[in-house]
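Following: one structure in structure tokens, then a few remarks.
The values are calculated or read from the model by the stated rules, or taken from the named source; none is laboratory data. Predicted model, so just to flag it, every value in this text is computed and none were measured. Cβ placement follows ideal geometry from the backbone for every residue including glycine, while neighbour counts extend to all protein chains displayed.
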Amino acid sequence: MTIASDAMPSSAAARAREATVRRFALTDALFRGLTRASAILVLVILGGVAISLFAGSWQALSSFGFSFLTTESWNPVTEKFGALAPIYGTLVTAAIAILIAVPIGIGIAVFLTELCPRPLRRPIGIAVELLAGIPSIIYGIWGLFVFAPFLQTAIQPFIINVFHGVPGLSSLFAGPPYGIGLLTSALILAIMVLPFITSITKDVFDTVPAVLKESAYGIGCTTWEVTRRVVIPYTRIGIMGGVMLGLGRALGETMAVTFVIGNAHRISASLFAPGTTISATIANEFTEADGDLYTSSLVSLGLILFVITFLILAAARYMLMRIDARTGA
Amino acid sequence: MRHFIRSAAVAIAMAAATTTLTLSAALAADISGAGATFPYPIYAKWADTYKKDTGVGLNYQSIGSGGGIKQIKAKTVTFGASDAPLKGDELEATGLAQFPMVMGGIVPVVNLEGIKPGELVLDGPTLADIFLGKITSWDDEAIKKLNPDVKLPSQAIAVVHRSDGSGTTFNFTYYLGDVSADWKEKVGVDKAVEWPVGIGAKGNEGVANNVSQTGGAIGYVEYAYAKQNKLTHTDMINKDGKKVEPTAAAFSAAAANADWSSQPGYGVILANEPGAESWPMTAATWILLYKKPDDAATTGEALKFFAWAYDKGDEMAGELDYVPMPEKVVESVKAMWAKEVVGDDGKPLYSAM
């Protein structure tokens with residue numbers, strides 16, 4: 001009797017425990033299913049974007065063929081479209097932006113992690129992160145109203161005069177000074193990608209073990225040598241990640257570029273000349289594009305940008321893998 | 001507590017149901033349209049006043065002429081609006097009726113030190129040569145000849161054009177093509193063209209900004225933008241060889257001198273019209289709606305709105321620097337509605353009151 005009355009509550013407790021375990025198993029399964037569905041959703045969206053871009057661009061790609069990639073002319077009147085000028089503009093502006101932003105970004109990161117007096121560290125760090133929070137349209141407006149007139153009246157005439165008659169450079173910096181053009185948008189892009197590169201580089205610099213740096217200082221290395229030989233080699237994968245993130249933003253940036261690039265479907269040797277990028281062309285022309293071939297050509301531009309971004313990210317991954325393999329071996 | 005929650009839930013559900021009901025009732029009465037950006041300010045103003053007068057709302061999305069044509073073809077809106085008229089065979093094929101609603105003028109604007117609005121005069125061929133890149137400096141002989149009294153600087157001409165497809169560009173290039181065979185052959189006429197020179201800027205306001213910031217610049221904008229931004233417009237030599245200023249009177253003169261019945265769907269481009277007073281770059285904007293609409297009631301409402309705008313909207317148009325259509329054209333359009341736009345039963349949706 002006493003045994004039975006003892007057993008009763010314990011079996012009830014066991015049942016309750018069982019029920020709880022079952023409930024946990026169920027919520028766990030549900031949770032696993034949800035997370036898996038979210039992960040699959042990303043693949044579905046990516047696949048859907050790729051398929052719809054391809055379907056939308058089929059008409060243009062089939063009627064122009066490979067010459068779509070190599071033709072500079074973009075003529076809505078005769079419906080002859082070529083993507084060379086936007087591709088050129090996209091690559092050149094992004095490349096110049098990265099060339100400018102990477103050294104400055106690494107410089108800021110080195111200063112913040114190695115040299116900066118403590119009280120200054122936070123304000124500068126926060127300022128850099130605030131720079132990333134500014135909407136791109138603000139950069140565009142600032143670029144058009146403040147930066148472009150400044151370039152046009154102060155910087156460009158000076159550079160044109162300095163390089164006048166110097167072979168190569170004179171055509172690279174040929175006038176007239178419009179103020180807006182390839183170089184202007186590259187400079188704006190450099191400012192826009194700078195915070196991405198800086199904050200990631202700063203974060204990875206913080207991961208360098210103090211013992212490594214201290215040993216280097218201990219054997220008499222200068223700050224430059226420590227940065228060059230210890231910090232940067234130790235963190236190059238992270239730096240690469242920051243650069244790729246910045247490059248991705250530079251390639252796809254639309255509004256700020258549209259404001260300051262000049263939107264001309266031409267390839268000129270001069271960096272001061274107006275040009276266009278893929279995203280700027282789409283933003284400018286999609287609303288009024290009538291005619292299926294015109295719309296399809298714009299979608300093709302989107303597909304090309306998609307492919308370029310994909311290739312660059314793939315190349316970055318590949319490089320990181322090779323570095324990983326080498327350091328791992 | 002539970003009871004309270006349930007009754008609260010019921011109350012919320014009922015409130016939601018009534019709002020959906022009232023919302024859908026309101027939506028049914030609203031006229032929807034989409035298209036050209038150029039007439040958007042005046043359509044918005046008319047719609048606002050009309051709603052106060054009659055309670056019938058109009059929802060107009062200024063997504064661009066191309067978008068407006070696409071939307072009306074997809075039948076997602078009651079009417080489409082376009083700055084470039086559809087051709088006769090396209091109207092025939094789609095069963096759309098087309099009529100002009102309001103007009104405006106396009107003016108060349110320049111940024112030259114010491115030159116005030118209206119001091120500089122250009123003619124069609126010179127304007128075409130500037131935009132072709134043949135004339136590259138402000139002290140070119142062709143410009144000097146037209147402006148013997150103006151001191152022209154030896155400054156490079158910076159051409160500014162629209163970067164987005166636009167009805168303004170269509171009308172502007174139509175005029176250049178009309179006066180210059182070279183332009184017609186090399187560049188052509190469209191809402192977006194392959195510009196031989198210059199920088200592109202988005203929208204009328206973009207061109208206005210770029211011109212006012214770039215020394216030696218020339219661009220083209222709707223008259224209202226030139227006026228509001230206090231830009232330096234130029235005068236033009238028109239088809240009759242007379243010098244004209246861009247004024248509402250000059251735009252009206254061009255419209256009055258046009259032969260509206262010459263094109264199906266009133267698709268007359270008002271560029272380079274004859275007449276001593278005519279401004280050469282006048283432009284109309286058109287409405288497109290179905291002659292046999294699926295939703296006859298809403299199309300009937302839309303026609304009532306357009307009739308109201310023709311009758312009572314002239315003053316509002318003037319305030320915003322648009323030019324109302326001539327009376328003769330309005331009468332003809334109304335007669336066309338009464339004859340051609342019919343419901344399912346074959347009865348006209350609009351009757352002259």
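Before moving on, here are some points about what is shown:
- Conditions (1) in contact (Cβ under 8 Å) with a residue 24 or more places away in the chain; (2) crowded, with 17+ Cβ neighbours inside 10 Å; number of the one not met by A:Asn263: (1)
- Restricting region B:163-182 to residues that are under 21 Å from B:Asp235 (Cα atoms) and more than 17 Å from the chain's Cα centre (by Cα), the residue that is surrounded by the fewest Cβ atoms within 10 Å (Cβ to Cβ): B:Asp178
- Residues of region B:65-110 that are in a helix (DSSP H, G or I), touching a residue at least 40 places away in the same chain (Cβ under 8 Å), within 13 Å of another protein chain (Cβ to nearest Cβ) and small (Gly, Ala, Ser): B:Ser65, B:Gly66, B:Gly68.
- Meets criteria (under 26 Å from B:Lys227 (Cα atoms), surrounded by fewer than 20 Cβ atoms within 10 Å (Cβ to Cβ) and at pLDDT below 90) for B:Gly203: yes
- Listed by position, the helices (runs of 4 or more DSSP H) contained in region A:223-323 that have at least 1 residues being within 14 Å of another protein chain (Cβ to nearest Cβ) and of a type in the set (A, V, I, L, M) are A:255-260, A:278-285.
- For region A:265-282, residues that are modelled with pLDDT of 90 or more and either of a type in the set (Ser, Thr, Tyr) or farther than 14 Å from B:Pro196 by Cα (or both) total 7.
Yes/no per residue for (1) closer than 30 Å to A:Ile237 by Cβ; (2) away from every other protein chain (no Cβ under 14 Å); (3) in contact (Cβ under 8 Å) with a residue 40 or more places away in the chain:
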{"site": "A:Asn75", "(1), (2), (3)": "no, no, no"}
{"site": "A:Tyr88", "(1), (2), (3)": "no, yes, yes"}
{"site": "A:Leu91", "(1), (2), (3)": "yes, yes, yes"}
{"site": "A:Leu115", "(1), (2), (3)": "yes, yes, yes"}
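- Index of the failed condition, B:Pro117 passing every other in (1) over 19 Å from B:Gly241 (Cα atoms); (2) in a strand (DSSP E or B): (2)
- Scan of region B:246-263 for residues that are modelled with pLDDT of 85 or more, surrounded by 16 or more Cβ atoms within 10 Å (Cβ to Cβ) and of a type outside the set (A, V, I, L, M, F, W, C), ordered by number: B:Pro246, B:Ser252
- Taken together, the criteria exclude B:Asp321 from residues that are surrounded by fewer than 20 Cβ atoms within 10 Å (Cβ to Cβ) and in contact with a strand residue (DSSP E or B) (Cβ under 8 Å, 6 or more places away or on another chain).
- The sole residue among A:Gly242, A:Gly252, A:Gly175, A:Gly238 that is at pLDDT below 90 and buried (at least 20 other Cβ atoms within 10 Å of the Cβ) is A:Gly242.
- Leading residue by the ranking (nearest to the other protein chains (Cβ to nearest Cβ)) among those in region A:44-73 that are of a type in the set (S, T, N, Q) and in a loop (DSSP other than H, G, I, E, B): A:Ser73
- Region B:212-227 - residue that is within 12 Å of chain A (Cβ to nearest Cβ) and over 17 Å from A:Gly143 (Cβ atoms) and, of those, surrounded by the fewest Cβ atoms within 10 Å (Cβ to Cβ): B:Gly215
- Meets criteria (of a type in the set (Val, Ile, Thr) and surrounded by fewer than 24 Cβ atoms within 10 Å (Cβ to Cβ)) for A:Ile188: no
- Considering the conditions (1) in contact (Cβ under 8 Å) with a residue 40 or more places away in the chain; (2) within 24 Å of B:Ile130 (Cα to Cα); (3) not β-branched (Val, Ile, Thr), B:Ala255 is excluded by exactly one of them, (2).
- Residue identified as assigned to a loop (DSSP other than H, G, I, E, B) and β-branched (Val, Ile, Thr) among A:Val110, A:Val146, A:Val162, A:Val166: A:Val166
- Scanning region A:157-184 for residues that are farther than 11 Å from A:Leu271 by Cα and more than 14 Å from every other protein chain (Cβ to nearest Cβ) returns A:Phe158, A:Ile159, A:Asn161, A:Val162, A:Phe163, A:His164, A:Gly165, A:Val166, A:Pro167, A:Gly168.
- Any hit, region B:150-162, residues being farther than 23 Å from B:Ile237 by Cα and surrounded by 18 or more Cβ atoms within 10 Å (Cβ to Cβ): yes
- Taken over region B:177-202, the criterion of being more than 10 Å from every other protein chain (Cβ to nearest Cβ) and either hydrophobic (A, V, I, L, M, F, W, C) or over 22 Å from B:Ile269 (Cβ atoms) (or both) is satisfied by B:Val179, B:Ala181, B:Trp183.
Okay, residues lined up against (1) among the hydroxyl-bearing types (Ser, Thr, Tyr); (2) outside the structural domain of A:Leu305 (by TED's automatic domain parsing):
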site	(1), (2)
A:Leu41	no, yes
A:Leu46	no, yes
A:Ser52	yes, yes
A:Trp74	no, no
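- Flag for B:Lys184 being among the charged types (D, E, K, R), at pLDDT 90 or above and under 25 Å from A:Glu72 (Cβ atoms): yes
- Criterion applied to A:Gly143, A:Gly133, A:Gly220, A:Gly238 was being of a type outside the set (A, V, I, L, M, F, W, C), under 19 Å from A:Leu99 (Cβ atoms) and in the same structural domain as A:Val102 (by TED's automatic domain parsing), and the one residue passing it is A:Gly143.
- Whichever residue in region A:178-210 is assigned to a loop (DSSP other than H, G, I, E, B) and closer than 20 Å to A:Ala97 by Cα and, among such residues, is farthest from the chain's Cα centre (by Cα): A:Tyr178
- When A:Thr78 is tested against (1) loosely packed, with under 13 Cβ neighbours inside 10 Å; (2) under 25 Å from A:Val193 (Cα atoms); (3) β-branched (Val, Ile, Thr), exactly one condition is not met: (2).
- Out of A:Ile261, A:Ile267, sole residue that is in contact with a Pro (Cβ under 8 Å, 6 or more places away or on another chain) and of a type in the set (Val, Ile, Thr): A:Ile261
- The numbered conditions (1) out of contact with any Pro (no Cβ under 8 Å at 6 or more places or on another chain); (2) of a type in the set (Gly, Ala, Ser); (3) surrounded by fewer than 16 Cβ atoms within 10 Å (Cβ to Cβ); (4) within 14 Å of another protein chain (Cβ to nearest Cβ) are all true for B:Gly133 except (1).
- Within region B:137-158, the set of residues being touching a residue at least 60 places away in the same chain (Cβ under 8 Å) and either within 14 Å of chain A (Cβ to nearest Cβ) or in a strand (DSSP E or B) (or both) comprises B:Trp138, B:Pro153, B:Gln155, B:Ala156, B:Ile157, B:Ala158.
- One residue from A:Val166, A:Val162, A:Val102, A:Val92 being buried (at least 18 other Cβ atoms within 10 Å of the Cβ), in the same structural domain as A:Thr254 (by TED's automatic domain parsing), over 22 Å from A:Thr276 (Cα atoms) and not hydroxyl-bearing (Ser, Thr, Tyr): A:Val102
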